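Taking it in order: structure first as structure tokens, then the write-up.
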């Protein structure tokens, strides 16, 4: 199967839609919560239509909207908002890229790379839990700095120093 055929395969589009909805970034999802509900009312028909347009090469992404959210520092954080359909199409493409890249990078997981680790097709989320990677990063950093923990002999209380 060619790469583009993987992108618009119905299983991949359904997985992309699931991963769009399971995005843990509540700040981003708040802009789309009602739109996700609306899309889910007829998601199978809408995904079929999206698949058809992708297959025929007539899919056109909508213009993105950029907003700026204030940060505590006073700076502004740029946030790009995409339509729900564009989110699904882009996620479907990323699914294929990530699956193709995974065999080349998996040997670095939890050794050199600790964040944004692909969870795999069967997962509810696109990435593995960040807390697991963060804990492994901390362990690796401690080992790099202090070395492997040594087993220390405990002094007996009746021993005279």
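The values are calculated or read from the model by the stated rules, or taken from the named source; none is laboratory data. Here the structure is a predicted model, which is why all the values come from computation and not from measurement. Cβ placement follows ideal geometry from the backbone for every residue including glycine, while neighbour counts extend to all protein chains displayed.
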* Do the conditions hold for residue 23, that is, is it modelled with pLDDT under 95, assigned by TED's automatic domain parsing to the domain that holds residue 100, under 25 Å from residue 123 (Cα atoms) and assigned to a loop (DSSP other than H, G, I, E, B)? -> yes
* Members of region 84-116 found to be in contact with a helix residue (DSSP H, G or I) (Cβ under 6 Å, 6 or more places away or on another chain), over 20 Å from residue 55 (Cβ atoms) and surrounded by 13 or more Cβ atoms within 10 Å (Cβ to Cβ), listed by number -> 110, 114
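Residues are listed down the side, and each one gets a yes or a no for (1) assigned to a helix (DSSP H, G or I); (2) free of Cβ contacts under 8 Å to residues at least 24 places away in the same chain; (3) touching a strand residue (DSSP E or B) at 6+ places or on another chain (Cβ under 6 Å); (4) more than 21 Å from residue 119 (Cα to Cα):
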site	(1), (2), (3), (4)
36	yes, no, no, yes
40	yes, yes, no, yes
53	yes, yes, no, yes
72	no, yes, no, yes
85	yes, no, no, yes
89	yes, no, no, no
* Asked: Which one is modelled with the lowest pLDDT among residues in region 1-20 that are under 18 Å from the mean Cα position of the chain (by Cα) and surrounded by 17 or more Cβ atoms within 10 Å (Cβ to Cβ)?
  -> 7
* Asked: Here are 76, 54, 47, 81: which of them is under 26 Å from residue 129 (Cα atoms) and either modelled with pLDDT under 95 or surrounded by 11 or more Cβ atoms within 10 Å (Cβ to Cβ) (or both)?
  -> 81
* To do: Among the residues of region 135-148, count how many are surrounded by fewer than 12 Cβ atoms within 10 Å (Cβ to Cβ) and either in a loop (DSSP other than H, G, I, E, B) or touching a residue at least 12 places away in the same chain (Cβ under 8 Å) (or both).
  => 2
